[in-house]
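**Student:** Pasting in a structure now, in C-alpha cells, and then I'll have a few things to ask.
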Amino acid sequence: MVAVAEGVKRRAGELGWTAELLWDLEQSPLPESTIRSLVALRVDGDSARAFMNAASENPMIAAMNFRWARPSTQLGIRARPGEHGLGMPEINIGTYGTVPDQWPYENDTPLGSHPTPGSYMPGPYSIYAKSEVWAEGSDALYEQGIRERWIPAVDIDWAALGEQPEQVERAICQIATSFAENGLAEQKIIGSWEERIAYGFHDIKNLLSVQNFDAGRKVEALRKRALANGGGLLQSNLGTLYRTWFGALKATEWITSICVVYKVYEVATFEALAEACPSPVDRKLFSLLARDSRRHLEYGTRHLAYYLQYHPNAQEYLGHFLGRAEAALADEINHSPAVSEALAVLFAGGTERLAAGISRLRDLRSSQLQRYLDLLDSVSLNRDSSVNPGLVDIARTGGLGVAAR
C-alpha cells in the first residue's frame with residue numbers, strides 16, 4: 001500500500017479521479033511515483049483505472065513509471081510565430097532561451113532539458129565557455145541564412161551567360177578557381193570546430209551549419225562558373241591562408257581569421273565583381289555570394305563584440321589572433337598574384353587598358369583595409385598603428401607589388 005500525497009490527490013480530483021479510484025490505486029502495487037506521473041500526464045479517471053488494471057496483469061506495463069512526464073524544466077511555454085513564422089528567436093523564451101556562461105553538461109543534453117539520472121554518457125565536446133563562440137542575435141542570423149538560401153543549379157541562368165571576351169573570361173575563371181578553393185578550406189575548418197562546441201550552444205552550431213553549407217554552395221557555384229563558358233579551372237592558391245586557419249588553437253582564433261579578417265576582403269571583392277562583371281549572370285552570381293559572406297562577417301563582428309565584453313584576456317589574445325590572420329592574408333595576396341592580376345584585367349575589360357584596371361584594383365584594396373579597420377573600431381579595437389604592414393602595402397600596390405619586382 002502506498003500513500004498518495006494530498007497535493008497529488010487535489011490535482012487528480014481536477015482530472016475527475018474519484019475518491020474510490022484513489023483508494024484503489026493506493027491498494028495497488030503501483031508505486032506512488034507512477035501515480036504522480038499519471039497525474040502529470042493529465043490522464044482522466046477512466047484511463048487511470050484502465051492502466052491500473054492492465055498493470056496488474058502485465059509486468060511490462062507495471063514497470064512503466066513515466067518519469068519523463070515530470071521534468072524539472074519549465075513547462076507551459078507556448079511559442080508564438082513571428083513575422084517569418086516560428087523561428088529560433090520565437091522559441092528562445094523563458095529557460096529555453098537562457099544560455100549559461102559555462103555549459104555544465106558534457107553530453108548531448110539540449111538547452112532547457114536535463115540529463116536522465118543513470119544514463120549520462122559524455123560526448124566529444126571541448127568548448128564549454130560561451131565567450132569562445134557566442135554572438136548576440138545568432139538565432140536571427142541563422143533564420144536569415146535559411147531564408148536566403150539559393151540553388152546554383154537553378155537560381156543562376158547559366159544558359160544566358162553568353163560569350164565573354166577571352167581575357168575577361170579567363171580572369172573570371174581564375175577568380176572563381178581561387179575563391180572556390182577558399183570555400184573548400186572554410187568547409188573543413190567550420191566542420192572540424194562545430195563538433196567541438198557544447199550542445200547547449202545550439203544556436204551557434206545551427207548558424208555554423210548554415211555557414212558551412214554556404215561555403216559548399218560557394219564551391220559549387222564557382223566551379224560551375226569556371227566550367228560553364230569554356231574557361232576552366234586555372235591556377236591554385238599559395239595556401240598560407242589555410243595553414244593559419246588550420247593552426248588556430250582557440251575557436252575565437254579561427255572565427256577571427258575567417259569570419260572577420262578574411263571575410264572583409266571577400267565581401268568587398270564579391271561586391272566589386274557584382275558591379276564590374278559585364279554579364280548580368282555573373283553580376284547576380286557574385287551579388288548572391290556577397291550576401292552570404294556579409295552574413296558570415298556579421299557573425300564574426302558580433303562574436304568579437306561579445307568576446308571583448310566577456311572574455312577576461314580578450315584584448316591580449318585578439319592582438320595575437322588578428323596579427324596572425326593579417327599576416328597570413330597579406331602573404332597570400334602578395335605571393336598568389338593570380339587573383340590580383342585577374343581582378344585588374346576584369347576591371348580593365350581586358351589587357352589594353354590595364355592601367356585603369358590597376359587603379360581600380362588599388363581602390364578596392366584600399367577600401368578593404370579601411371573597411372577592416374572601421375569594423376574593428378566599431379567593436380572598440382583600434383589597430384590603425386598595429387595592422388600588418390603587408391596589408392598597408394597591398395592597399396598601395398593593389399597586391400601586385402611582389403609580382404612587379
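**Student:** How many residues, within the stretch 105-122, are over 19 Å from the mean Cα position of the chain (by Cα) and surrounded by 11 or more Cβ atoms within 10 Å (Cβ to Cβ)? Please lay out each step first, then the result.
**Tutor:** Pass one, the stretch 105-122, residues over 19 Å from the mean Cα position of the chain (by Cα): 105-107, 109, 112-122.
Subset that is surrounded by 11 or more Cβ atoms within 10 Å (Cβ to Cβ): 105-107, 109, 112-116, 120.
Residues meeting the conditions: 10.
**Student:** Tell me which residues, restricted to the stretch 275-308, are small (G, A, S), over 29 Å from E136 (Cβ atoms) and not in a loop (DSSP other than H, G, I, E, B).
**Tutor:** The one that is small (G, A, S), over 29 Å from E136 (Cβ atoms) and not in a loop (DSSP other than H, G, I, E, B): A276.
For (1) closer than 30 Å to D108 by Cα; (2) assigned to a loop (DSSP other than H, G, I, E, B), each residue gets a yes or a no:
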{"site": "R170", "(1), (2)": "no, no"}
{"site": "L184", "(1), (2)": "yes, no"}
{"site": "S192", "(1), (2)": "yes, no"}
{"site": "H202", "(1), (2)": "yes, no"}
{"site": "A226", "(1), (2)": "no, no"}
{"site": "G230", "(1), (2)": "no, yes"}
{"site": "L234", "(1), (2)": "no, yes"}
{"site": "N237", "(1), (2)": "no, yes"}
{"site": "R243", "(1), (2)": "no, no"}
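**Student:** Here is a list of conditions, (1) touching a Pro at 6+ places or on another chain (Cβ under 9 Å); (2) at pLDDT below 95, and G239 meets all of them except one; can you say which number that is?
**Tutor:** (1)
**Student:** Shifting gears a bit: Need pairs with beta-carbon distance below 9 Å; first residue of a type in the set (F, W, Y) and within the stretch 106-124, second assigned to a loop (DSSP other than H, G, I, E, B) and at pLDDT 80 or above; sequence gap 6+ or separate chains.
**Tutor:** Y120/Y105; Y120/E106; Y120/N107; Y120/T109
**Student:** Next up: Need pairs with beta-carbon distance below 6 Å; first residue within 13 Å of K9 (Cα to Cα) and within the stretch 30-46, second part of a helix (DSSP H, G or I) and among the hydrophobic types (A, V, I, L, M, F, W, C); sequence gap 6+ or separate chains.
**Tutor:** Within 6 Å, the pairs are I35/L25; R36/V8; S37/A69; L38/A48; V39/V8; V39/A12; A40/A69; G45/L21.
**Student:** Would you check which residues across the stretch 283-315 are among the charged types (D, E, K, R) and surrounded by fewer than 23 Cβ atoms within 10 Å (Cβ to Cβ) and list them? Even if it seems obvious, please write down each step before you answer.
**Tutor:** Going residue by residue through the stretch 283-315, those that are among the charged types (D, E, K, R) are 283-284, 291-292, 294-295, 298, 302.
R283, K284, R291, R294, R295, E298, R302, listed by residue number.
**Student:** Conditions first: (1) among the small types (G, A, S); (2) surrounded by 18 or more Cβ atoms within 10 Å (Cβ to Cβ); (3) not in a helix (DSSP H, G or I). G350 passes all but one, so which condition is the exception?
**Tutor:** (2)
**Student:** What do you reckon, is G357 outside any helix (DSSP H, G or I) and within 16 Å of Q174 (Cβ to Cβ)?
**Tutor:** Judged against the criteria, G357 is not a match.
**Student:** Further question: Looking only at the stretch 38-85, count how many residues are surrounded by 12 or more Cβ atoms within 10 Å (Cβ to Cβ), among the hydrophobic types (A, V, I, L, M, F, W, C) and closer than 30 Å to T98 by Cβ.
**Tutor:** Residues meeting the conditions: 7.
The values are calculated or read from the model by the stated rules, or taken from the named source; none is laboratory data. Given the structure is predicted, the values throughout are model-derived calculations rather than measurements. Every residue, glycine as well, gets a Cβ built from its backbone with ideal geometry; the counts of neighbours run over all protein chains shown.
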